[in-house]
Amino acid sequence: MNNLVSAYFQRLWKNKLFIGLLIFMASSAILIPVMAHQEILTYGKSYTLESRFTWHFLIIGFLTAIFCPWFLGTEYSDGTIRNKIIAGNNRIKVYLSALLVCITANVILVAVHQCIIIPLGSLLIAPLKIDILSLVTLIGLSILITITLVCINTLLVLINQNKASSTIICLVTSILMLAVSFYILSVLVSSDMSAADSFTKSIFEFFNILLPTGQIFSLAKMSFENSIQRIVCDILIILFTTTLGVMVFERKNLK
C-alpha cells in the first residue's frame with residue numbers, strides 16, 4: 001500500500017488542478033483581509049475577522065466535488081486503476097490509497113487558507129475574538145467536514161468510470177445537499193416551526209446536524225452547538241461511505 005500511496009502523491013504534487021486550487025485558496029486568504037483593510041481605511045467600515053474568516057466553509061463542498069472526480073477520474077480514463085489491479089494490488093488498498101490522497105489534498109487546501117488568513121487578518125482587520133478552544137473546535141470541525149465530503153465524493157467517483165459524469169454527479173450532489181440544508185435551516189427559524197410538534201422539530205434538527213452542508217452553515221455562523229453530535233455524525237458517514245465504497249469497488253467490473 002505504501003507504493004500506491006507514494007505513486008498517488010507523486011501525481012498530486014504535479015497535478016495542475018491541485019496547484020491551481022492551492023493558489024486560489026492562498027490568494028483568497030491574502031486578498032480578503034487586504035481588501036477589508038482597504039475598505040476600513042477608505043470608508044471607515046468596521047469588520048471582524050470572524051466575518052471574513054468563515055466564507056471558505058461555504059465552498060468546501062465544491063472544492064471536493066471538483067478535485068475528487070478530476071483527480072481520480074483520470075485514473076479511470078488512463079487505465080491506471082485497472083493496471084494497478086492487474087499488477088496484483090488489492091482493490092481495498094487501491095480504494096483506500098485513493099481516498100487518503102484526496103483527503104490529504106483537500107485538507108491541505110483548507111489548512112493553507114486558514115493558516116494565511118488568521119495571522120494576516122488579525123494584523124489587517126482585527127484579532128479573532130473567539131477563545132482558543134472555540135478556534136480549535138472551528139478548525140477541527142472544518143477539517144472533519146472536509147474529510148466527510150471527500151469520502152462521499154470518492155465513493156461517487158470510484159463507482160463510476162466516466163470522469164465527466166462523475167464530476168456532474170459530485171457537483172449536483174453538493175448543490176442538492178446545500179439546497180436541502182438551506183431549506184432545513186429556513187424551516188427551523190420560521191414561525192411555523194415554533195408551532196410544530198416536538199417530533200417534527202427533532203427530525204429537522206437531526207438532519208441539520210447530520211448533513212455536512214448543514215454543519216457548514218452552522219460553522220459559517222460561528223455556531224458550536226451540538227459539536228459532539230456533529231463529530232459523531234461525520235465519523236459515521238465516513239465509516240459508512242468508505243465501507244460501501246470498498247464493497248462496491250471490489251465487485252466492480254473495470255473496463
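The values are calculated or read from the model by the stated rules, or taken from the named source; none is laboratory data. Since the model is a prediction, treat every value here as computed from it, not as a measurement. Counting neighbours? That spans all protein chains shown, and the Cβs are built from the backbone with ideal geometry, glycine included. Protein only, heavy atoms only, side chains kept; ligands, DNA and RNA dropped before computing areas. Shrake-Rupley method; radii C 1.70, N 1.55, O 1.52, S 1.80 Å.
When both residues are 6+ apart or on different chains and their Cβ atoms are under 6 Å apart, which pairs have a first residue that lies in segment 223-249 and is surrounded by 13 or more Cβ atoms within 10 Å (Cβ to Cβ), and a second that is at pLDDT below 95 and outside any helix (DSSP H, G or I)?
Correct list of pairs: 248/159.
Examine segment 163-178 for a residue that is touching a residue at least 60 places away in the same chain (Cβ under 8 Å) and in a loop (DSSP other than H, G, I, E, B), and state whether such a residue exists.
no
Kindly provide the set of residues from segment 214-234 that are in contact with a Phe, Trp or Tyr (Cβ under 8 Å, 6 or more places away or on another chain) and of a type in the set (Val, Ile, Thr), ordered by number.
Within segment 214-234, just 216 meets the criteria.
Give all pairs with beta carbons closer than 9 Å in which a residue from segment 96-109 that is under 17 Å from residue 56 (Cα atoms) and touching a residue at least 60 places away in the same chain (Cβ under 8 Å) meets a residue that is in a helix (DSSP H, G or I) and of a type in the set (Lys, Arg); count only pairs at least 6 apart in sequence or on separate chains.
none
Return yes or no: is residue 160 touching a helix residue (DSSP H, G or I) at 6+ places or on another chain (Cβ under 6 Å), outside any helix (DSSP H, G or I) and either aromatic (Phe, Trp, Tyr) or surrounded by 13 or more Cβ atoms within 10 Å (Cβ to Cβ) (or both)?
Details: touching a helix residue (DSSP H, G or I) at 6+ places or on another chain (Cβ under 6 Å): yes; outside any helix (DSSP H, G or I): yes; either aromatic (Phe, Trp, Tyr) or surrounded by 13 or more Cβ atoms within 10 Å (Cβ to Cβ) (or both): yes.
The answer is yes for residue 160.
Is there any pair linking a residue in segment 1-18 that is over 9 Å from residue 100 (Cβ atoms) to one that is open to solvent by 40 Å² or more (accessible area, probe 1.4 Å) and hydrophobic (A, V, I, L, M, F, W, C), with Cβ under 6 Å and at least six apart or on different chains, and which?
Between residues of segment 1-18 that are over 9 Å from residue 100 (Cβ atoms) and residues that are open to solvent by 40 Å² or more (accessible area, probe 1.4 Å) and hydrophobic (A, V, I, L, M, F, W, C), the close pairs are 17/70.
Determine if segment 190-197 includes at least one residue that is on the phi < 0 side of the Ramachandran plot and touching a residue at least 60 places away in the same chain (Cβ under 8 Å).
The first filter runs over segment 190-197 and keeps only residues on the phi < 0 side of the Ramachandran plot, leaving 190-197.
Subsequent filtering for residues that are touching a residue at least 60 places away in the same chain (Cβ under 8 Å) retains none.
The answer is no, given that none of the residues of segment 190-197 is on the phi < 0 side of the Ramachandran plot and touching a residue at least 60 places away in the same chain (Cβ under 8 Å).
Look through segment 96-139, keep the residues that are out of contact with any helix residue (DSSP H, G or I) (no Cβ under 6 Å at 6 or more places or on another chain) and not in a helix (DSSP H, G or I), and return whichever of them is least open to solvent (accessible area, probe 1.4 Å).
Result: 130.
Kindly provide the set of residues from segment 51-62 that are of a type outside the set (Val, Ile, Thr) and either at pLDDT 80 or above or within 30 Å of residue 154 (Cα to Cα) (or both), ordered by number. Steps first, answer last, please.
From segment 51-62, those of a type outside the set (Val, Ile, Thr) are 51-53, 55-58, 61-62; that's our starting set.
Hits for segment 51-62 are 52, 53, 55, 56, 57, 58, 61, 62.
Looking at segment 51-86 only, could you name the residues that are within 30 Å of residue 221 (Cα to Cα), of a type in the set (A, V, I, L, M, F, W, C) and surrounded by 17 or more Cβ atoms within 10 Å (Cβ to Cβ)? If you could, list the steps in order and put the result at the bottom.
Of the residues in segment 51-86, the ones within 30 Å of residue 221 (Cα to Cα) are 51-69.
The next check asks that each one be of a type in the set (A, V, I, L, M, F, W, C); those that pass are 53, 55, 57-60, 62-63, 65-68.
Hits for segment 51-86 are 53, 57, 59, 60, 63, 65, 66, 67, 68.
Given the structure, is residue 142 assigned to a helix (DSSP H, G or I), of a type in the set (Gly, Ala, Ser), buried (at least 20 other Cβ atoms within 10 Å of the Cβ) and within 14 Å of the chain's Cα centre (by Cα)?
Details: assigned to a helix (DSSP H, G or I): yes; of a type in the set (Gly, Ala, Ser): yes; buried (at least 20 other Cβ atoms within 10 Å of the Cβ): yes; within 14 Å of the chain's Cα centre (by Cα): yes.
Criteria met by residue 142.
Pull up segment 41-81, narrow it to residues that are charged (D, E, K, R) and farther than 24 Å from residue 31 by Cα, then point me to the one that is farthest from the chain's Cα centre (by Cα).
The residue in question is 78.
How about segment 183-244: which helices (runs of 4 or more DSSP H) wholly inside it have at least 2 residues that are modelled with pLDDT under 85 and more than 25 Å from residue 172 (Cα to Cα)?
On the way: elements: 191-195, 198-210, 212-220.
Correct list: 191-195, 198-210.
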